[in-house]
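Laboratory data are not the source of any read-out in this text; all were calculated from the coordinates shown. Computed from a prediction, not measured in an experiment: that's the story for all the values here.
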Amino acid sequence: MTTPGFRPTHVVPQHGMPAWEAPDPARPTVPLDPLLPVRLTERRGDWGRVLCSNGWSAWVDGRHLVAVPQDPPRTDGPLATAADPGLLLGRAEEALARYRAAVRELADGGLDGESFRRRTHGLRIGVVVDGEDVWLYDPAREGWVYGDGTGFSTYASDRAPDAAEDQGHTATRIVQPGRGS
């Protein structure tokens, strides 16, 4: 029986995992099944409390949980244009063709390992198609864009936050224990 509205954040690793009643190795309980969808609800160091779809919860070694990617944002209106999908698809095709040619040449003995590394250095490709949904990696913007057939929007970025994009947050200040602020 699945709890209505249950949205997993993780799945159990493919070989299952032990579970405990509390974050205490002396209190084991029934192990979790392989690939069981769970929602991580609390962390205490390496311990993670998970909620299963049937409402049962347990403590596990949270380091071994496999994160589930969250769905991209959906809107009622058209998505803002982040990149030309035709251009990105063309670049992905070209990059894949270059990689395929290098692999073929390496397999045929025409390239050694170092030459293969030089030829493929900096090559980045990313395409995921799932029905009407597509995620494309845009190397020019160093990030992913998401499209649903009606438009594209930025989904995730590889770039570190830019100082110019400061949102008015105060910098963290280190305070020595016992000395106050």
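Summary of computed values
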{"read-out": "Convex hull per residue volume in Å³, alpha carbons only, for the stretch 1-67", "value": "74"}
{"read-out": "Placed amide H near Trp144: partners under 5 Å, 5+ positions off or other chain", "value": "Asp138, Tyr155, Ala156, Ser157, Asp158"}
{"read-out": "Between the stretch 27-47 and the stretch 119-158, the alpha-carbon center distance in angstrom", "value": "32"}
